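Peer 1: My questions all concern the structure below.
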């Protein structure tokens, strides 16, 4: 018998699932020899390193499980994995929005499997359990990997400009930006900037500027408190003010780049996750040196520095006729050995207890100190809230971010207020449907 199992990769909350693993039955005719064989189709991300990882793991699984075969299908290319997911939903290849799946019984309750508690307690830190539990008290996904967002910086340019201390606060970041943002060829035009962010108001881009900085400035808060909007606060205003100052002073350009501006030296810092390490190592020019630093915080901030953890999770659609076989493949995907290959091939980090001290990973982190810096940040990451309207809320923030930070037509306080007010309307509208 054949099931179509769809693995979806995207950016949503830990409960609204970022990485889907689902199944749908097909009514194909089979010979008697095929009757007892289960076939699953696994959709992976289009990142070449993740395709390499998925190809290796699927081949290993298939070799050891002749009766449960997995087909690999990269997610269709799009501007973002979210757009590809939406296209798949519209095309009928997947049932719809995850939070609605749970309410409609569309996802398998993973805590129904006899060994779920053993698996989850072995893998997931106790402090994370409540954040992955759905509103009904049950579990419908397992966190697979997370990528703390930090800042890569150009070591050579820092040295050239006499920067010996990494900027930890907003004022320190501005001081460094003042030194490195300049006209390097004396033609009267700035051609090197402190950093760069996408200026278009794309909701998912906010994960890599406003949102990760907000988590840092607030000491680990997210956008919601339960089901209530909760980002109209001092930390949020300070973040909007920080980015408004960035663009006002010209430390970031209001433009786009064709090639990688970090590798070409056009920007000196890059807000990114650990996945970028493999890209940098494979494409950097001779003599290029870089390192990692934390997200800067407001000058009066006290406490550990948190950031956004770009988390991806695994679930099983309830339409599968073979939930137990799907569960077995899920366990294989999150095994320690598979996690090690995730680290080695894709430079991404598993959501796993004590990953920096686990003997299985220690040697790799010793020989890859830049990835180790991201791993050390794992304990101080936050994902996103469980909300069916998260995208719409981030759209509201993106519109106000553009008005305030990029074009300076609103004050930080007004931009935050307007974003929160619009977000509350969105939440109320969704609740009343």
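Peer 1: Is it the case, given these coordinates, that residue 383 is at pLDDT below 95, crowded, with 18+ Cβ neighbours inside 10 Å and either within 30 Å of residue 249 (Cα to Cα) or not assigned by TED's automatic domain parsing to the domain that holds residue 339 (or both)?
Peer 2: Criteria met by residue 383.
Peer 1: Sticking with this one: Quick test for you: out of 369, 350, pick the one residue that is more than 17 Å from the chain's Cα centre (by Cα) and either surrounded by 19 or more Cβ atoms within 10 Å (Cβ to Cβ) or modelled with pLDDT of 95 or more (or both).
Peer 2: None of the others qualify; the one that does is 369.
Peer 1: Also: Do the conditions hold for residue 374, that is, is it touching a residue at least 12 places away in the same chain (Cβ under 8 Å), in a helix (DSSP H, G or I) and under 19 Å from the mean Cα position of the chain (by Cα)?
Peer 2: Yes: the conditions hold for residue 374.
Peer 1: Report yes if residue 415 is closer than 23 Å to residue 224 by Cα, assigned by TED's automatic domain parsing to the domain that holds residue 196, in contact with a helix residue (DSSP H, G or I) (Cβ under 7 Å, 6 or more places away or on another chain) and in a helix (DSSP H, G or I), otherwise no.
Peer 2: Answer is yes for this residue.
Peer 1: How many residues are within 22 Å of residue 174 (Cβ to Cβ) and surrounded by 18 or more Cβ atoms within 10 Å (Cβ to Cβ) if we restrict to segment 206-227?
Peer 2: Total meeting the criteria: 12.
Peer 1: Given the criteria within 22 Å of the chain's Cα centre (by Cα), surrounded by fewer than 21 Cβ atoms within 10 Å (Cβ to Cβ) and modelled with pLDDT of 95 or more, does residue 298 qualify?
Peer 2: Spelling it out, it is not the case that residue 298 is within 22 Å of the chain's Cα centre (by Cα), surrounded by fewer than 21 Cβ atoms within 10 Å (Cβ to Cβ) and modelled with pLDDT of 95 or more.
Peer 1: Turning to a different aspect of this structure: Run down 425, 362 and say which single residue is exposed (fewer than 15 other Cβ atoms within 10 Å of the Cβ), without any contact (Cβ under 8 Å) to a residue 12 or more places away in the chain and not assigned by TED's automatic domain parsing to the domain that holds residue 338.
Peer 2: 425
Residue-by-condition table, conditions (1) over 25 Å from residue 204 (Cβ atoms); (2) part of a loop (DSSP other than H, G, I, E, B); (3) not assigned by TED's automatic domain parsing to the domain that holds residue 55:
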residue: 281; (1), (2), (3): yes, no, yes
residue: 285; (1), (2), (3): yes, yes, yes
residue: 292; (1), (2), (3): no, no, yes
residue: 332; (1), (2), (3): yes, no, no
residue: 340; (1), (2), (3): yes, no, no
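Peer 1: Among the residues of segment 3-18, is there at least one that is at positive phi and at pLDDT below 85?
Peer 2: yes
Peer 1: Somewhere in segment 215-233, is a residue out of contact with any helix residue (DSSP H, G or I) (no Cβ under 9 Å at 6 or more places or on another chain) and either without any contact (Cβ under 8 Å) to a residue 60 or more places away in the chain or under 13 Å from residue 405 (Cβ atoms) (or both)?
Peer 2: Within segment 215-233 (the criterion being out of contact with any helix residue (DSSP H, G or I) (no Cβ under 9 Å at 6 or more places or on another chain) and either without any contact (Cβ under 8 Å) to a residue 60 or more places away in the chain or under 13 Å from residue 405 (Cβ atoms) (or both)), the answer is yes, since at least one residue qualifies.
Peer 1: Pull out all pairs, ordered by first then second residue, where Cβ-Cβ is under 7 Å, the residues are six or more apart or on different chains, the first lies in segment 248-259 and is within 16 Å of residue 171 (Cα to Cα), and the second is at pLDDT 95 or above and assigned to a helix (DSSP H, G or I).
Peer 2: Once the first residue is within 16 Å of residue 171 (Cα to Cα) and sits in segment 248-259, its partners that are at pLDDT 95 or above and assigned to a helix (DSSP H, G or I) give 251/177; 252/246.
Peer 1: Among the residues of segment 202-217, is any modelled with pLDDT under 95, not assigned by TED's automatic domain parsing to the domain that holds residue 53 and not in a helix (DSSP H, G or I)?
Peer 2: Looking for residues that are modelled with pLDDT under 95, not assigned by TED's automatic domain parsing to the domain that holds residue 53 and not in a helix (DSSP H, G or I), one finds at least one in segment 202-217, hence yes.
Peer 1: Continuing with the same structure: Regarding residue 190, is this residue touching a helix residue (DSSP H, G or I) at 6+ places or on another chain (Cβ under 7 Å) and at pLDDT 95 or above?
Peer 2: Against the criterion (touching a helix residue (DSSP H, G or I) at 6+ places or on another chain (Cβ under 7 Å) and at pLDDT 95 or above), residue 190 does not qualify.
Peer 1: Right, something else. Output the number of the condition that residue 397 fails; it satisfies all remaining conditions of (1) assigned by TED's automatic domain parsing to the domain that holds residue 120; (2) at pLDDT 95 or above; (3) buried (at least 23 other Cβ atoms within 10 Å of the Cβ); (4) under 28 Å from residue 296 (Cβ atoms).
Peer 2: Going through the list (1) assigned by TED's automatic domain parsing to the domain that holds residue 120; (2) at pLDDT 95 or above; (3) buried (at least 23 other Cβ atoms within 10 Å of the Cβ); (4) under 28 Å from residue 296 (Cβ atoms), residue 397 breaks only (1).
The values are calculated or read from the model by the stated rules, or taken from the named source; none is laboratory data. Predicted model, so just to flag it, every value in this text is computed and none were measured. As a convention, Cβ positions derive from the backbone with ideal geometry for all residues, glycine included, and neighbour counts pool all protein chains shown.
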